[in-house]
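Since the structure comes first, as structure tokens, the remarks are kept for the end.
The values are calculated or read from the model by the stated rules, or taken from the named source; none is laboratory data. These numbers come from a predicted model, not from an experiment. Backbone-built Cβ (ideal geometry, glycine too); neighbour counts: all protein chains shown. SASA here: full protein model, heavy atoms, side chains in, ligands and nucleic acids out. Shrake-Rupley method; radii C 1.70, N 1.55, O 1.52, S 1.80 Å.
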Amino acid sequence: MFLLKTWRSTAFGVYGYMNFTKNGFIEHSKKFKPEDMQSQIEGKNCVVTGANSGIGYAAAEGLASRGATVYMVCRNKERGQEALSKIQTSTGNQNVYLEVCDLSSVNEIKSFASSFASKDVPVHVLVNNAGLLENKRTTTPEGFELNFAVNVLGTYTMTELMLPLLEKATPDAKVITVSSGGMYTSPLTTDLQFSGEKFDGVEQYARNKRIQVALTEKWADKYKEKGIGFYSMHPGWAETPGVAKSLPSFSESFAGKLRTSEQGADTIVWLALQPKEKLVSGSFYFDRAEAPKHLKLAGTSKSHDLIDSVIDTVHSMAALNP
């Protein structure tokens with residue numbers, strides 16, 4: 001087991017250094033088609049979680065600049081308001097709105113979803129971007145480990161509760177979940193709240209991000225008749241406030257080599273703009289292309305068989321209707 005974990009970490013490090021940095025983006029961008037990003041999406045409603053900074057902010061700004069009506073879901077009202085004003089100013093699009101919700105709380109998400117549903121607007125794009133890497137074990141007031149609460153339970157609850165509004169936008173509806181290359185280092189596990197005595201926030205984050213990729217596969221299959229496309233993506237290694245706070249040594253050692261938030265958000269905006277027939281629901285995307293979900297010889301692929309058990313547990317934690 002130790003050798004396998006070591007191999008995963010080494011393979012991830014090499015693969016990441018070659019592909020996930022700013023230089024990787026520049027190299028991959030040589031194959032990009034400029035026309036893919038020229039679509040205007042006036043009249044499309046986009047919900048972006050964790051939108052007040054970093055990749056979420058860049059995604060919200062990118063969508064607003066193309067005419068979308070954007071709902072920024074942020075935990076902090078003041079920071080959210082500041083980000084909203086900046087986006088309205090930079091894009092000239094006044095159809096940008098702030099929704100305050102703490103994605104670590106199932107009850108707050110339920111309250112948000114209920115009030116948002118009363119607007120009765122179709123949701124064309126839901127971007128599950130809000131994420132967290134907390135290095136110390138922290139438990140939410142609802143009793144869940146904090147990383148899991150935001151990255152998995154929050155993402156799951158938000159998506160499931162937005163399904164009726166996504167259905168209103170079919171056949172254009174899309175759910176884009178922002179995962180991480182860190183998931184390459186972890187198989188899927190049913191140990192959702194990290195029961196080990198020595199808590200490892202980086203490992204828990206990787207596990208959470210693996211769940212997001214497997215969950216996207218499952219959603220794509222489960223809801224294929226509903227006309228909703230589900231996609232997970234990896235932004236690469238970007239220089240964001242979250243990375244600087246959670247991984248300071250990584251951030252310092254890669255100074256000058258990390259992507260900008262805009263480069264990290266590029267594939268989110270690209271996925272939102274593409275006709276669905278160009279995309280594969282359930283797939284994992286990186287730099288505007290389908291990407292592998294597993295590294296060679298990493299022993300993670302069979303672990304996706306556990307996803308039904310994971311979903312059953314998460315569903316009961318969220319206390320959603322069957």
Counting only protein heavy atoms with a 1.4 Å probe and every protein chain in place, the carbon and sulfur fraction of the accessible surface of region 203-244 in whole percent equals 49 percent
Measuring from its Cα centre, region 165-280 shows a charge dipole (+1 at each Lys and Arg Cβ, -1 at each Asp and Glu Cβ) which, in debye to the nearest 20, is 220 debye
Phi-derived 3J(HN,Hα) across region 137-151 with the Karplus relation (6.51, -1.76, 1.60, θ = phi - 60°), rounded Hz, x for Gly and Pro, is 4, 10, 10, 6, x, 8, x, 10, 4, 4, 4, 4, 4, 7, 6
Heavy-atom accessible area per residue of the chain, all protein chains kept, 1.4 Å probe, expressed in Å², is 44 Å²
Karplus-derived 3J(HN,Hα) from phi for region 199-204 (6.51 cos²θ - 1.76 cosθ + 1.60, θ = phi - 60°), whole Hz, x at Gly and Pro, runs 5, 10, x, 5, 5, 4
Compactness check, region 191-322: C-alpha Rg relative to the 2.2 N^0.38 Å globular estimate gives 1.19
Going residue by residue through region 167-174, the Karplus relation 6.51 cos²θ - 1.76 cosθ + 1.60 with θ = phi - 60° gives ³J(HN,Hα) values, rounded to whole Hz and with x marking Gly or Pro, of 4, 5, 9, 5, x, 8, 5, 9
Taking a crude spin-label model, label points 7 Å out from Cα along the C-beta direction, the Leu306 to Glu197 distance in nm is 2.1 nm
The set of residues whose placed amide H lies less than 5 Å from the amide H of Arg259, leaving out same-chain residues fewer than 5 positions away, is Lys22, Trp237, Ala238, Glu239
Row for region 281-322, column shape: gyration tensor on C-alpha, a ≥ b ≥ c, rounded if a/c < 1.5 i.e. under 1.5, prolate if a/b over b/c, else oblate; value oblate
Hull volume per residue for region 1-147, using the convex hull of the C-alpha atoms, in Å³ is 162 Å³
Any residue on another chain or 5+ positions along whose placed amide H is under 5 Å from the amide H of Val127 is listed here as Val47, Val48, Thr49, Ile176
Checking region 293-322 for trypsin sites (Lys or Arg not before Pro) in a loop per DSSP with at most 15 other beta-carbon atoms within 10 Å yields Lys296
Amide H neighbours of Phe230 at under 5 Å, excluding residues fewer than 5 places away on the same chain, with H built from the backbone geometry, are Val175, Gly282
Ranked output for segments 253-266, 188-201 by mean other Cβ atoms within 10 Å, highest leading, reads 253-266, 188-201
Per the C-alpha gyration tensor (a ≥ b ≥ c, the square roots of its eigenvalues), region 152-269 is rounded if a/c is under 1.5, else prolate if a/b beats b/c, else oblate; here it's oblate
Most packed first (mean Cβ within 10 Å per residue), the peptides 56-62, 35-41 order as 56-62, 35-41
Of the accessible area of region 1-111, computed with a 1.4 Å probe and all protein chains kept, carbon and sulfur make up a percent value of 52 percent
Share (percent) of C-alpha pair distances in region 8-85 greater than 22 Å works out to 46 percent
